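J.: Just passing along the structure, written as structure tokens.
The values are calculated or read from the model by the stated rules, or taken from the named source; none is laboratory data. None of the values given here were measured: they were computed from a predicted structure. A quick note on method: Cβ atoms are made from the backbone with ideal geometry, for glycine too, and the neighbour counts reach across all protein chains shown.
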Amino acid sequence: MRLTDLSTKTSRWFDPNAPLSDIVISSRIRLARNLAGKKFITKCSISEKKEILQSLKEVILSLKSLGDIFFIDIEHGSTIERDLLIERQLISRNLASGSGPRGAVIAQNELFAAQINEEDHLRLSVLAPGLNVEKCWQRINEIDDSIGEKVEYAFSSKYGFLTACPTNLGTGIRVSVMMHLPALKMTDQLKKLFDAARDMNLTIRGLFGEGTEAIGDFFQISNQVTLGISETRIVEDFQTILIPKIVEYERIARDKLLVQEINLLDDKIARALALLKSAKLISSHEAMFLLSNLRMGINMGRVKEISIETINELFLLTQPAHLQMNKGQTLNPEQRDILRAETLRAKLN
């Protein structure tokens, strides 16, 4: 499997036919695990990191239940290759910018990824399109059990799974749902959402996780607490209460725009479409912002001539690493802005 094979297509978790996919882009569950008797990564020597990498790599690649999977050597990968995997939500910025032996095992369908020697020895992730938190939990629980039969995890009867960061102690679970919330932003209701999330021990991050801004009105909502609450309770709350409530708020905001601000809405969508179809230079940030408005217009029935599949594809193909990978060369910012504009004009005209 070559990364160029991934760079030319839309990720499987970007499926417009998934549950609530007009607002909920994808669901993900991540588990943090460490090996018993081994130091945490920050205390490991190069040889110890290499031993952990080799051990976990062999175990994960041996699991037949994972289907078609492949290993990526992050330590020796290029910057573009690492950035491509970040853009496709398959590795973290922390793994990409780390040091020493580290890697990732990734499913060809991009719905599973295992990061080795990130902040913890092992970070397992399962993704699914739309609101599918329960499906993710069932899948990752099976994978975690299979790996746990072959290695011994660091575990305490008092604290649960032992992790490098205290916020992951206990279950080590992080539920994360990516949502598109343009109407809440247009109606100035995001602050209320952020305040409510804080009260419910939720974290709201940008498109590419911790430390990133909400580009294109995409937000990742995840749990903060992992100690003292069961995995099934966290999963159930996300699947049946928390995310459906946010979806409801976004739908109310969209209905409000259609009734009270229809001219403002149509103008924002029309301007986005005109710029995307005609721009000669366009930055990644501006493209995401304009594609977000166009995506809202399609899902609200205001744009008929462009498919949601095309927009979802462009969200990925216009990212910096995707442009360079598909061009086959490193590009400076201006060259990327030119190529991005060309790509958008070709797809939308």
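J.: From the list F155, F194, which residue is in the same structural domain as W13 (by TED's automatic domain parsing), surrounded by fewer than 23 Cβ atoms within 10 Å (Cβ to Cβ), hydrophobic (A, V, I, L, M, F, W, C) and more than 24 Å from I204 (Cα to Cα)? Lay out the reasoning, then the answer.
T.: On the way: F194 fails: more than 24 Å from I204 (Cα to Cα).
Selected residue: F155, the only one of F155, F194 that is in the same structural domain as W13 (by TED's automatic domain parsing), surrounded by fewer than 23 Cβ atoms within 10 Å (Cβ to Cβ), hydrophobic (A, V, I, L, M, F, W, C) and more than 24 Å from I204 (Cα to Cα).
J.: Here is a further query. Identify all residues within region 58-78 that are free of Cβ contacts under 8 Å to residues at least 12 places away in the same chain, surrounded by fewer than 12 Cβ atoms within 10 Å (Cβ to Cβ) and within 25 Å of A321 (Cβ to Cβ); write none if there are none.
T.: Answer for region 58-78, where residues must be free of Cβ contacts under 8 Å to residues at least 12 places away in the same chain, surrounded by fewer than 12 Cβ atoms within 10 Å (Cβ to Cβ) and within 25 Å of A321 (Cβ to Cβ): just H76.
J.: Something else now. Out of I215, I173, report the one residue that is surrounded by fewer than 21 Cβ atoms within 10 Å (Cβ to Cβ) and either touching a strand residue (DSSP E or B) at 6+ places or on another chain (Cβ under 9 Å) or free of Cβ contacts under 8 Å to residues at least 24 places away in the same chain (or both). Before the answer, list the steps.
T.: Working: I173 fails: surrounded by fewer than 21 Cβ atoms within 10 Å (Cβ to Cβ).
None of the other options fit; the residue is I215.
J.: If we keep just the residues of region 139-198 that are of a type in the set (G, A, S) and assigned to a strand (DSSP E or B), which is nearest to F238 (Cα to Cα)? Lay out the reasoning, then the answer.
T.: In the first step, residues of region 139-198 are kept if they are of a type in the set (G, A, S); the result is 146, 148, 154, 156-157, 160, 164, 170, 172, 176, 183, 196-197.
Remaining after also requiring assigned to a strand (DSSP E or B): 156, 160, 170, 176.
Working: S156: 27, G160: 22, G170: 18, S176: 9 Å.
The residue in question is S176.
J.: I would also like to ask the following. Picking from L242, L227, which residue would you name as being more than 19 Å from the chain's Cα centre (by Cα) and surrounded by 14 or more Cβ atoms within 10 Å (Cβ to Cβ)? Walk me through how you get there before you give the answer.
T.: Numbers: L242 fails: more than 19 Å from the chain's Cα centre (by Cα).
L227 is the lone residue from the list that is more than 19 Å from the chain's Cα centre (by Cα) and surrounded by 14 or more Cβ atoms within 10 Å (Cβ to Cβ).
J.: Yes or no: F71 touching a Gly at 6+ places or on another chain (Cβ under 9 Å), of a type in the set (F, W, Y) and either within 17 Å of R12 (Cβ to Cβ) or not assigned by TED's automatic domain parsing to the domain that holds R205 (or both)?
T.: On the way: touching a Gly at 6+ places or on another chain (Cβ under 9 Å): yes; of a type in the set (F, W, Y): yes; either within 17 Å of R12 (Cβ to Cβ) or not assigned by TED's automatic domain parsing to the domain that holds R205 (or both): no.
For F71, the condition - touching a Gly at 6+ places or on another chain (Cβ under 9 Å), of a type in the set (F, W, Y) and either within 17 Å of R12 (Cβ to Cβ) or not assigned by TED's automatic domain parsing to the domain that holds R205 (or both) - is not met.
J.: Report the residue count in region 318-342 for those that are within 23 Å of the chain's Cα centre (by Cα), part of a helix (DSSP H, G or I) and touching a residue at least 24 places away in the same chain (Cβ under 8 Å). Full working, then the answer.
T.: First, the residues of region 318-342 that are within 23 Å of the chain's Cα centre (by Cα): 318-326, 336, 340.
Still in the running and part of a helix (DSSP H, G or I): 320-326, 336, 340.
Next, from what is left, pick out any that are touching a residue at least 24 places away in the same chain (Cβ under 8 Å): 320-322, 324-326, 336, 340.
Qualifying residue count for the region: 8.
J.: Let me ask something else about it. Would you confirm whether or not region 322-331 contains a residue that is of a type in the set (V, I, T) and buried (at least 20 other Cβ atoms within 10 Å of the Cβ)?
T.: The first filter runs over region 322-331 and keeps only residues of a type in the set (V, I, T), leaving 330.
Add one more test, that the residue is buried (at least 20 other Cβ atoms within 10 Å of the Cβ), and what stays is none.
Within region 322-331, not a single residue is of a type in the set (V, I, T) and buried (at least 20 other Cβ atoms within 10 Å of the Cβ).
J.: Examine region 198-221 for a residue that is of a type in the set (D, E, K, R), touching a Pro at 6+ places or on another chain (Cβ under 7 Å) and either within 28 Å of E75 (Cβ to Cβ) or assigned by TED's automatic domain parsing to the domain that holds I234 (or both), and state whether such a residue exists.
T.: Scanning region 198-221, I find at least one residue that is of a type in the set (D, E, K, R), touching a Pro at 6+ places or on another chain (Cβ under 7 Å) and either within 28 Å of E75 (Cβ to Cβ) or assigned by TED's automatic domain parsing to the domain that holds I234 (or both), so the answer is yes.
J.: Which residue, of K347, K304, is out of contact with any Asp or Glu (no Cβ under 8 Å at 6 or more places or on another chain), basic (K, R) and closer than 29 Å to L181 by Cβ?
T.: Values: K347 fails: out of contact with any Asp or Glu (no Cβ under 8 Å at 6 or more places or on another chain).
When all the criteria are applied, what remains is K304.
J.: I'm told W13 meets every condition in (1) touching a residue at least 24 places away in the same chain (Cβ under 8 Å); (2) part of a loop (DSSP other than H, G, I, E, B); (3) in contact with a Ser or Thr (Cβ under 9 Å, 6 or more places away or on another chain); (4) over 30 Å from T240 (Cα atoms) except one. Can you identify the failing condition by its number?
T.: (4)
J.: Taking the criterion of being surrounded by 17 or more Cβ atoms within 10 Å (Cβ to Cβ) and not in a helix (DSSP H, G or I), would at least one residue in region 303-312 satisfy it?
T.: There is at least one residue in region 303-312 that is surrounded by 17 or more Cβ atoms within 10 Å (Cβ to Cβ) and not in a helix (DSSP H, G or I).
J.: Spot the failing condition for D237; the list is (1) within 30 Å of R139 (Cα to Cα); (2) in contact (Cβ under 8 Å) with a residue 40 or more places away in the chain, and only one is missed.
T.: (2)
J.: Given (1) under 26 Å from Q89 (Cα atoms); (2) part of a helix (DSSP H, G or I); (3) in contact (Cβ under 8 Å) with a residue 60 or more places away in the chain, where does I282 come up short, assuming only one miss?
T.: For I282, the failing item is (2).
J.: Out of S55, S92, I need the residue that is within 18 Å of Y153 (Cβ to Cβ), out of contact with any helix residue (DSSP H, G or I) (no Cβ under 6 Å at 6 or more places or on another chain) and either surrounded by fewer than 22 Cβ atoms within 10 Å (Cβ to Cβ) or in contact (Cβ under 8 Å) with a residue 40 or more places away in the chain (or both). Which one?
T.: Working: S92 fails: within 18 Å of Y153 (Cβ to Cβ).
Being within 18 Å of Y153 (Cβ to Cβ), out of contact with any helix residue (DSSP H, G or I) (no Cβ under 6 Å at 6 or more places or on another chain) and either surrounded by fewer than 22 Cβ atoms within 10 Å (Cβ to Cβ) or in contact (Cβ under 8 Å) with a residue 40 or more places away in the chain (or both) holds for just one of S55, S92, which is S55.
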